Structure formats: structure tokens, C-alpha cells
Amino acid sequence: MPDMTELIRVAQLSDTHFLAPGDTFEGGFGYDTSAAFEAVLADVESGEALDLVAVTGDVADHGRAEQYRVAAAAFSRLPAPVNVCPGNHDQHAVFGAGMGRPSIGTSRVLELGDWCFLFVDSNAGVLRVDETGLTHDPEDYEERLHRNGALGAREAARVRSMHDTSSAEHVFIWLHHPPDPQAPLSHDADYAEEWRAVMPDLPKVRGFGGGHTHVPDEHTFEGVPVFVAPAFKNNFDLEAATLLPPGYRRYEFEPEGTVRSETHLVGEDTWPRHPLGRSVMSLLRGEISYAEFDEIVARRNAAS
Ligand SMILES: [Fe+2]
């Protein structure tokens, strides 16, 4: 455990979208995420020692048990304790069961030095509650698959409670869906408004670390930085209209409450920055829906 006067170093992996042998990607396209993990692991190991690895959801591409087994075997090799929160691709029960390992946790709160890290589930409203009070995924996986974020009253109350109860001076929020992302496809005004409403109650929050967009980025929300991590599955540069290699983020947390973060992209030769087609760019810019994009692809495949 770090000394109170020391920097805390964290790596953030997000949208790892692990597959089991023989699986194909949801959406039909992605990098070899196990190869991406190897390249990220090599980069992680070449850097300074870490206090924690935060994983911010979309751990498994279809949220299946076998995919979590691949993910857990990979995460167990990381040179620091790992803590994970779920994304829209994950499935509730198998995520919980599949991520639990002696060195991998799904804690909602971790204190390190003078920092309190909150791990937020930004998938509010997805789960059903049975007669015992146990929560389950909906019957139809599609209901959670393409969702943007939702905080919900219960999770907002949990965040307020943990923020107020922690004796740490500084709070940082890890979650799958970043508030107010710049990537148009993932932008959701209602979700941003949920966070905007709760932020006045959270004066110790110094920033957010999220994923989901597959567009590595950094922006400011209500006066604090929001860092968006690259994915392992596929990444996009919306300005250059190209793919980007996979990667992760590194963070340094100062005892006085500042956060620095940088993106590390890995394997430029293996995953070159190919130009993106017009229909992919239209999807990413939010000009067409997933359904419209799928229709265009189906028409093109039928014509060829
Ligand atoms: Fe993702």
C-alpha cells in the first residue's frame, strides 16, 4: 500500500472485449484482443511499477463465461491488483462469477493513500429484480448491448454515500460510460444531465476514467478532467478518419489531488491506421443508427 506522500500509479484497461476460441466478434470486426493484451502487457511491464490496474468494462465481447475465463487468465498476469467494473457488453451474473479471482476484484470502492477510487456501474435500468431481490440481466441481451450510460437514482445515491463516507481527501471515478463524451455516437444528453445533477454533491471528485467510445480522448466535465481509454477491440480517430492501434491509459495521482494521464497505443505495425470508409464515419458521427449501418453493409454484401 502506498505511503500518503507518494504518487499513486494506475493503468486503465478498457473495452478488452475478450473472445474465447472459435468466437466471432459482435458487429463482425475487431482486432485479436488476446494479441492486443500481450502488446499492452509488454508495455505495462516496461513502465514504472503500478499500484492498481482499473478495468472499465466491456471485458467480454458477448458477456459469456468462457470469455471471462480468458479475461481472468489474462488479468491474473498483470503486475498489480486488478479491479473491474462492467460495461454494456458484460452480463451481470457471469461477469460477477467470472471476474472473481484472488488478484482480481469487483469492489465498488478502493482507498489508496489519500485517494478514494469509486467504481461505478453505469448500466442503470438494465437489470431485473426477482422475488428474492436478486438482480438478473434481461432475457434479451440486445437490450443492454448497444446502450449508452445511465446512472440511475440508486447508483447516484451509492456514489454520494461512498464519497461522503470515505476519509480520503480526493475521489476519482472509474466507470464504463464517460459523462459527456466527445464521440457523437456515444453521446447521451440525459446521461450527462444525470451526472451534472449529482456533481454539486461530490466536491471531492477530481476526475473520471471511462471507456465505451473506442475513441481515446480527454475532455472537461463540470470542471474536472474526463479521460477516455482506448479499447482492445478497435479504436477510431474521428478527426483523421482512421483506425487506431489498441492501447491503454496510465495515470499518476498526486497526494494533493491532481491527476495526470496519458494514452499508450501499442503495436502500430500490427494494427495500422487504415482510413475509415464513409459509412463507418457516418455511424461514428451519429448520422446513422446501428440498424441503418447494418442495412448498408448487408446491401453491399448482397451486391458483391
Ligand atoms: Fe466497448
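Among the residues of the range 22-33, is there at least one that is more than 12 Å from the ligand (Cβ to nearest atom), crowded, with 22+ Cβ neighbours inside 10 Å, within 18 Å of the chain's Cα centre (by Cα) and in contact (Cβ under 8 Å) with a residue 12 or more places away in the chain? Within the range 22-33, not a single residue is more than 12 Å from the ligand (Cβ to nearest atom), crowded, with 22+ Cβ neighbours inside 10 Å, within 18 Å of the chain's Cα centre (by Cα) and in contact (Cβ under 8 Å) with a residue 12 or more places away in the chain. Residues that are over 17 Å from the mean Cα position of the chain (by Cα), within 25 Å of Gly113 (Cβ to Cβ) and of a type outside the set (Val, Ile, Thr) within the range 42-75 comprise Asp43, Glu45, Ser46, Gly47, Glu48, Ala49, Leu50, Asp51, listed in sequence order. Scoring Asn83 on the criteria (1) touching a Ser or Thr at 6+ places or on another chain (Cβ under 8 Å); (2) farther than 18 Å from Thr56 by Cβ leaves a single failure, condition (2). Can you find even one residue in the range 246-267 that is within 16 Å of the ligand (Cβ to nearest atom), in contact (Cβ under 8 Å) with a residue 12 or more places away in the chain and in a loop (DSSP other than H, G, I, E, B)? Among the residues of the range 246-267, at least one is within 16 Å of the ligand (Cβ to nearest atom), in contact (Cβ under 8 Å) with a residue 12 or more places away in the chain and in a loop (DSSP other than H, G, I, E, B), which makes the answer yes. Residues of the range 234-268 that are of a type in the set (Gly, Ala, Ser) and touching a Gly at 6+ places or on another chain (Cβ under 8 Å): Ser261 alone. Summed over the range 58-69, residues that are within 16 Å of the ligand (Cβ to nearest atom), at negative phi and either buried (at least 21 other Cβ atoms within 10 Å of the Cβ) or without any contact (Cβ under 8 Å) to a residue 60 or more places away in the chain (or both) total 6. Identify all residues within the range 151-180 that are open to solvent by 10 Å² or more (accessible area, probe 1.4 Å) and touching a strand residue (DSSP E or B) at 6+ places or on another chain (Cβ under 7 Å); write none if there are none. Passing the criteria: Glu155, Met162, Ser166, Asp180. Out of the residues in the range 207-220 meeting the condition of being buried (at least 18 other Cβ atoms within 10 Å of the Cβ) and more than 16 Å from the ligand (Cβ to nearest atom), tell me which one is farthest from Asn148 (Cα to Cα). The selected residue is Gly207. Of the listed requirements (1) within 16 Å of the ligand (Cβ to nearest atom); (2) at pLDDT 95 or above, Leu284 misses just one: (2). If the condition is being of a type in the set (A, V, I, L, M), surrounded by 15 or more Cβ atoms within 10 Å (Cβ to Cβ) and not in a loop (DSSP other than H, G, I, E, B), then the range 110-144 contributes Leu110, Leu112, Leu118, Val120. Leu185: under 20 Å from the mean Cα position of the chain (by Cα) and either surrounded by 15 or more Cβ atoms within 10 Å (Cβ to Cβ) or at pLDDT 95 or above (or both), yes or no? Taking the combined requirement at face value, the residue satisfies it. Any idea which of Phe236, Phe253 is more than 21 Å from Val53 (Cα to Cα) and open to solvent by less than 90 Å² (accessible area, probe 1.4 Å)? Among Phe236, Phe253, only Phe236 is more than 21 Å from Val53 (Cα to Cα) and open to solvent by less than 90 Å² (accessible area, probe 1.4 Å).
The values are calculated or read from the model by the stated rules, or taken from the named source; none is laboratory data. Keep in mind that what you see is a predicted model, and the values were worked out from it rather than measured. Using ideal geometry, Cβ is built from the backbone for each residue, glycine included, and neighbour counts are taken over all protein chains shown. The area values use the complete protein model at the heavy-atom level, side chains included, leaving out ligands, DNA and RNA. Shrake-Rupley method; radii C 1.70, N 1.55, O 1.52, S 1.80 Å.
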